[in-house]
Every structure is written in C-alpha cells, then in structure tokens.
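Undergrad: Below you will find the structure I want to go over with you.
Just so you know, all these numbers are worked out from the coordinates, no wet-lab data involved. Everything numeric in this text was worked out from a predicted model, so none of it was measured. Virtual Cβ from ideal backbone geometry, glycine too; neighbours counted across all protein chains shown.
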Amino acid sequence: METATSSDFAAALAAVRGVDGWLTDAQARTLWDTAGAVSAAGQVVEIGSYRGRSTVVLARATEARVVAIDPHAGNDRGPQQIAGYANEAESDHHAFLTNLERAGVRDRVRHVRRFSADAQAEVDGPIDLLYVDGAHRYRPARDDIRDWGARVAPGGTMLIHDGFSSVGVTLATLRLLVPSRRFRYLGRTGSLIAYRREAAPLLRNALRQLAELPWFARNLVLKLAIVTRLRKGEWPY
C-alpha cells in the first residue's frame, strides 16, 4: 500500500462529514494513523460501528482486512440512548451500508451483524488493530476489553472510545488494564485511549492511567450539568 498522505486523510474526513457518530476529527486521525500502520496481511476489528463513521476511516486508511461488528439491534446507540430504540435498528443498518457504499469501501468491510459476545467465532486469527466502541455499560465493556483484547497480536494496538469518560468503560479499564502488564498505555485523544500489546512496567503504567482520573471526574461533572440542563454543549467524548 502506498503511504497515505494528508490529502488522503482530508478525503476520508470529507467522506464521513455527514455521517452520524461521536468520533471527533482528532480521534479519526488517530484511527487513520494506527490503521495505516497495519500491513495488508493484517486484520482490523471494530466493535461498535453505528452508522459507519469510524468504519469508513479505518477502511480508507488500510488495505488490511476490516471486520465491523455491530448487531444494529437498536440499543446502546450512543449517549443517553441505551435502550428503547428498536424501531431505529433497521434504519441504522441501512444507513451503515449506505454510508460505506458512498465512501467507496463497502466491498472492503465485512460486517458481522451480531453482538460482540456472540461474534468470536466469526473472526479468524489474531487482530493487529482492535477498536472498541461497543456497549458502554460495565459488563459488556469489560467483556469486550478482556475477551477481544486477548486476541490482539503482540505489538498490536487496542483503541477504546469513551475511556475516562463513560463510567462503564472507565470501570472496565480500571479493572482490567490499570493492573495489567500485557498492555502498555500510550495516551489518549480526547476519550479515545490507546494501548499497545507489549510488556509494560506495572507501576509506571498504572500511574499513567490513574493520572487521567481528574479528567474523568471533569467529564462526569459536565455530563451531570448537561443532563440537568444546567449547561448547554456537546456531550464530552
């Protein structure tokens, strides 16, 4: 694959400009750069595609196989959209496929329309880049990080959206990754947190992650203010 240029990334951003989702341009750049480093023989797996905003960026960044896992079941659609959206399920699915088609990547993405907990057998081999943006409640987030994270190849990358922002995702991160020696914390772009599958010094790795807790507390305060209508503005992500 030829080296991607800044104009290629700009074209990818233009392709997703009207696509619903919670991925910022800066976070899209992180996805782009990370996916672009995956070889054509590698594999990129996304958990939680919604309407394809991140999927398009990933697929345009790499020639590697891209697997998008999302049941499009209507639940866990986004902030304050946890349940009760069954009527939107088919609409989300149709929009997802349409957006991939418009971006010219539909033939490069294999969509697994299952819940992530039921999709393990649908994906073969190790994962070079795992992007986790599935259900944000504690248990499904924990299971995604634990079970799918175990399949990240040595030297591979795991990106998690809404880290140190969503309560469920943050609790899962604190439980599994703060005390881990297997994933080195690389930092964050907004709420998009990055890890590399490699040996990491336990104390230093843990302290770097715990240093993000004040930012997490700030996000909780912002969310409370928005929910109680004391503040107007975008949901922090």
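Undergrad: Label the range 103-237 by shape, choosing from rounded, prolate and oblate, from the square roots a ≥ b ≥ c of the eigenvalues of the Cα gyration tensor; if a/c is under 1.5 it is rounded, and otherwise prolate applies when a/b is larger than b/c, oblate when it is not.
TA: Oblate, since a/c reaches 1.5 and b/c is not below a/b.
Undergrad: In sequence order, what are the phi-derived ³J(HN,Hα) couplings for the range 7-16 according to the Karplus relation 6.51 cos²θ - 1.76 cosθ + 1.60 with θ = phi - 60°, rounded to whole Hz, with x for glycine and proline?
TA: Going residue by residue, I get 5, 5, 5, 4, 5, 5, 4, 4, 5, 10 Hz, with x marking Gly and Pro.
Undergrad: Per DSSP helix of 4 or more residues, -39500 (n - 2.57); summed, then divided by the residues of the chain. What does that give at 222 nm, rounded to the nearest 500?
TA: -11000 deg cm²/dmol
Undergrad: Answer rounded, prolate or oblate for the chain, using the Cα gyration tensor with square roots of eigenvalues a ≥ b ≥ c: rounded when a/c is under 1.5, else prolate when a/b is larger than b/c, else oblate.
TA: rounded
Undergrad: Take Gln120, project a point 7 Å from its Cα along the Cβ direction, then tell me which residues of the range 134-173 have their backbone nitrogen under 15 Å from it.
TA: Taking a point 7 Å out along Cα→Cβ of Gln120, the residues of the range 134-173 whose backbone N falls under 15 Å are 140-152.
Undergrad: Using θ = phi - 60° and the Karplus relation 6.51 cos²θ - 1.76 cosθ + 1.60, list the HN-Hα couplings for the range 41-47 in order, rounded to whole Hz, with x at every Gly or Pro.
TA: 8, x, 9, 10, 10, 10, 10
Undergrad: Moving on to the next point. Within 10 Å, count the other beta carbons around each residue, average over each peptide in 34-44, 163-173, 52-62, and list them highest first.
TA: Per-residue Cβ counts within 10 Å, averaged per peptide and sorted highest first, yield 52-62, 163-173, 34-44.
Undergrad: Here's something else I'd like to know. Out of the range 135-237, which trypsin sites (Lys or Arg not before Pro) are coil in DSSP terms and have no more than 12 other C-beta atoms within 10 Å?
TA: Details: sites: Arg137, Arg142, Arg146, Arg151, Arg175, Arg181, Arg182, Arg184, Arg188, Arg196, Arg197, Arg204, Arg208, Arg218, Lys223, Arg229, Arg231, Lys232; in loops: Arg137, Arg151, Arg181, Arg182, Arg229, Arg231, Lys232.
Filter output for the range 135-237: Arg181, Arg229, Arg231, Lys232.
Undergrad: Given H placed 1.01 Å from N in the peptide plane, which residues other than close sequence neighbours of Gly156 have an amide H under 5 Å from its amide H?
TA: So Gly156 has HN proximity to Arg197.
Undergrad: Report the local net charge at Gly156: Lys and Arg +1, Asp and Glu -1, summed over other residues whose C-beta lies under 10 Å from its C-beta.
TA: +1
Undergrad: Moving to a separate point now. Among rounded, prolate and oblate, which fits the range 116-171 when a ≥ b ≥ c are the square roots of the eigenvalues of its C-alpha gyration tensor, a/c under 1.5 means rounded, and a/b larger than b/c means prolate?
TA: oblate
Undergrad: Which distance in nm do the two modelled labels at Ser6 and Ala73 give, with both placed 7 Å along the Cα-to-Cβ direction?
TA: In this crude label model, Ser6 to Ala73 measures out at 4.4 nm.
Undergrad: Tell me, which longest segment in the chain has none of the GluC sites (Glu not before Pro) that fall in DSSP loops with at most 16 further Cβ atoms within 10 Å? Let's see the in-between values first.
TA: Numbers: sites that count: Glu2, Glu63, Glu198, Glu234.
With a cap of 16 other Cβ atoms within 10 Å, the longest stretch comes to 64-197.
Undergrad: Place a point 7 Å from Cα of Arg181 in the direction of its Cβ. Which residues in the range 192-221 have their backbone N less than 11 Å from it?
TA: Only 199-203 fall inside the zone, counting backbone N under 11 Å.
Undergrad: Subtract the Cα-Cα distance of Asp25 and Leu207 from 0.36 nm times their separation in residues, and report this length gain in nm to one decimal.
TA: 62.7 nm
Undergrad: Suppose each label sits 7 Å from its Cα in the direction of the beta carbon; what would the His94-Thr189 distance come out to in nanometres?
TA: Result: 3.2 nm between the two label points.
Undergrad: Shifting gears a bit: Using only alpha carbon pairs under 8 Å that are at least six residues apart, calculate the relative contact order of the range 21-227 and give it in whole percent.
TA: 17
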